[in-house]
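The values are calculated or read from the model by the stated rules, or taken from the named source; none is laboratory data. Quick caveat: nothing in here was measured; it's all calculated off a predicted structure. Note that each Cβ is placed from the backbone with ideal geometry, even for glycine, and that neighbours are counted across all protein chains shown.
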Amino acid sequence: MILVTGGTGLIGAHLLLKLSHSEEKIRAIYRNEAKLSFVKDFFSSEGKAIQYDKIEWIPADITDIPALEIAFENVTHVYHCAGLISFDPSEYRQLRKTNIEGTANIVNLCIANAVKKLCYLSSIATLGDKVTLDTIDETTYWNPEAENNVYAITKFGAEMEVWRGTQEGLPVIILNPGVVLGEGFKEAPSLAFFKMIENGLSHYPPGSTAFVDVKNVVEALVQGMQANIVNERFIVIGANMSYKKTLHTIAEALNKKQPSRALTKWQLSLLWRLDWLLALFPWRKRKLTKNAAHSLITKTMYSNAKIQDKLHVKFIPLEETIKRIVAKNAY
């Protein structure tokens, strides 16, 4: 029996679709019953509505141990994709509870139920900076002295729980994907790029980051679970690309005007301070933190050499991913 957490999200739903073609029994947990309809609609949009019925859904939150104990009955393999994404410092406690405590619960139940392997979906946010080298790889270590954002701090804490599990005999694989692009869930954070272009975005950030197709993330999850490899991490990125080129590619696919002016450091500095000021009103959440503004001007490069060498993942060009999303009107 395979258990998937986070099955009602972008990556989890694509993973369930992939797993539904196997003969394995599949179980997934959910918190919000309304989101099950999104997953079912996604399966239907892919022409696989009948596959949805192969999944056994269990109501459970990763912070709810009694409910998780039921979900873990007869489970042999676990894909832990659930987590909270937020860069708002005011949500730090909830991030800790979901990402760290929730992951600790998953790890503990994996150990208690003698699960054969845990595949944990983390993020490139947990990887430190290499001062002396241009490219970040799996040997790059977290720098606790750096000014890390709250999301990265809690995802790193979650990884520590997973590594703790290895000390207690639990075989694990950790995947660190970049910004994930894919269809099926219009509320996915990364699809905001498409919406901004639709709304006439005129400026672009001068920095860069790593992107990856959701289909490649799913391929990496499945390959990582099936491979005779344990207690290792893999960076999962398809391409390092500037925000300018990414936004221009999206604009071209949408047949919209490309953003032509680069945001300057002082403009971003002003914007994050203004955002902080507006967030003093209780009804408004942070949209641009100081850390986020810094990341938008930083040019960071990541290596996918290890995952190509050991798991043989063939990455889809980002241009093809963007065209597919636009063709499916998935944003």
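Quick one: is Phe281 among the hydrophobic types (A, V, I, L, M, F, W, C), part of a loop (DSSP other than H, G, I, E, B), at pLDDT 95 or above and out of contact with any Leu (no Cβ under 8 Å at 6 or more places or on another chain)?
Numbers: among the hydrophobic types (A, V, I, L, M, F, W, C): yes; part of a loop (DSSP other than H, G, I, E, B): yes; at pLDDT 95 or above: no; out of contact with any Leu (no Cβ under 8 Å at 6 or more places or on another chain): yes.
Taking the combined requirement at face value, the residue does not satisfy it.
Which residues, taken from the stretch 249-275, are buried (at least 18 other Cβ atoms within 10 Å of the Cβ) and not in a helix (DSSP H, G or I)? Within the stretch 249-275, Pro259, Leu263 meet the criteria.
All told, Lys186 meets the bar of being out of contact with any helix residue (DSSP H, G or I) (no Cβ under 6 Å at 6 or more places or on another chain), surrounded by fewer than 17 Cβ atoms within 10 Å (Cβ to Cβ) and within 19 Å of Ile250 (Cα to Cα). Applying the set (1) at pLDDT 95 or above; (2) crowded, with 19+ Cβ neighbours inside 10 Å to Val230 leaves exactly one unmet item: (2).
Output the residue which, of all residues in the stretch 300-321 that are β-branched (Val, Ile, Thr) and at pLDDT 95 or above, is farthest from Glu232 (Cα to Cα).
First, the residues of the stretch 300-321 that are β-branched (Val, Ile, Thr): 300, 307, 313, 316, 321.
This time we only want the ones that are at pLDDT 95 or above, so: 307, 316, 321.
Details: Ile307: 11, Ile316: 23, Thr321: 28 Å.
Filtering the stretch 300-321 for residues that are β-branched (Val, Ile, Thr) and at pLDDT 95 or above, the one farthest from Glu232 (Cα to Cα) comes out as Thr321.
Out of all the residues in the stretch 7-23, which are touching a strand residue (DSSP E or B) at 6+ places or on another chain (Cβ under 7 Å) and in contact (Cβ under 8 Å) with a residue 40 or more places away in the chain? Result: Gly7, Leu10, Ile11, Gly12, Leu15, Leu19. Go through the residues of the stretch 22-30 one by one and say whether even a single one is of a type in the set (Gly, Ala, Ser), surrounded by fewer than 18 Cβ atoms within 10 Å (Cβ to Cβ), part of a loop (DSSP other than H, G, I, E, B) and on the phi < 0 side of the Ramachandran plot. Taking every residue of the stretch 22-30 in turn, at least one turns out to be of a type in the set (Gly, Ala, Ser), surrounded by fewer than 18 Cβ atoms within 10 Å (Cβ to Cβ), part of a loop (DSSP other than H, G, I, E, B) and on the phi < 0 side of the Ramachandran plot.
Looking across the stretch 113-124, the residues that are touching a residue at least 40 places away in the same chain (Cβ under 8 Å) and of a type outside the set (Lys, Arg) come down to Asn113, Val115, Leu118, Cys119, Tyr120, Leu121, Ser122, Ser123, Ile124. So, of the residues in the stretch 296-331 that are surrounded by fewer than 17 Cβ atoms within 10 Å (Cβ to Cβ) and of a type in the set (S, T, N, Q), which turns out to be nearest to Cys119 (Cα to Cα)? Looking at residues that are surrounded by fewer than 17 Cβ atoms within 10 Å (Cβ to Cβ) and of a type in the set (S, T, N, Q), I get Gln308.
For the stretch 235-247, name all the residues that are under 13 Å from Ala210 (Cβ atoms), buried (at least 17 other Cβ atoms within 10 Å of the Cβ) and not small (Gly, Ala, Ser). Before the answer, list the steps.
Restricting attention to the stretch 235-247, the residues satisfying the condition of being under 13 Å from Ala210 (Cβ atoms) are 235-243, 245-246.
Those still in the list that are buried (at least 17 other Cβ atoms within 10 Å of the Cβ) too: 235-241, 243, 246.
Within the stretch 235-247, Ile235, Val236, Ile237, Asn240, Met241, Tyr243, Thr246 qualify.
So, Phe43, is that one over 17 Å from the mean Cα position of the chain (by Cα) and modelled with pLDDT under 95 or not? Yes. For first residues located in the stretch 155-175 and in contact (Cβ under 8 Å) with a residue 60 or more places away in the chain and aliphatic (A, V, I, L, M), partners that are part of a helix (DSSP H, G or I) and surrounded by fewer than 16 Cβ atoms within 10 Å (Cβ to Cβ) and lie 6+ apart or on another chain with Cβ distances below 6 Å form the pairs Leu170/Ile111.
Every condition in (1) in contact with a strand residue (DSSP E or B) (Cβ under 9 Å, 6 or more places away or on another chain); (2) under 21 Å from Thr135 (Cβ atoms) holds for Gln267 except the one numbered (2). Considering every residue within the stretch 92-101, establish whether at least one is more than 28 Å from Leu280 (Cα to Cα) and either modelled with pLDDT of 95 or more or of a type outside the set (Asp, Glu) (or both). Yes, the conditions are met somewhere in the stretch 92-101.
Does Asn108 meet the test of being modelled with pLDDT of 95 or more, out of contact with any Ser or Thr (no Cβ under 7 Å at 6 or more places or on another chain) and under 30 Å from His21 (Cβ atoms)?
No, not satisfied.
With the structure loaded, tell me whether Ser269 is over 26 Å from the mean Cα position of the chain (by Cα) and over 30 Å from Thr140 (Cβ atoms) or whether it fails that test. It would help to see each step written out before you state the result.
Working: over 26 Å from the mean Cα position of the chain (by Cα): yes; over 30 Å from Thr140 (Cβ atoms): no.
No; evaluated as a whole, the condition is false for this residue.
Condition first: over 30 Å from Val78 (Cβ atoms), in contact (Cβ under 8 Å) with a residue 12 or more places away in the chain and small (Gly, Ala, Ser). Can you find one or more residues in the stretch 276-284 that meet it? Yes: the stretch 276-284 contains one or more residues that are over 30 Å from Val78 (Cβ atoms), in contact (Cβ under 8 Å) with a residue 12 or more places away in the chain and small (Gly, Ala, Ser). Each residue in the stretch 59-76 was checked for being buried (at least 17 other Cβ atoms within 10 Å of the Cβ) and farther than 16 Å from Ala104 by Cα, and 1 of them qualify.
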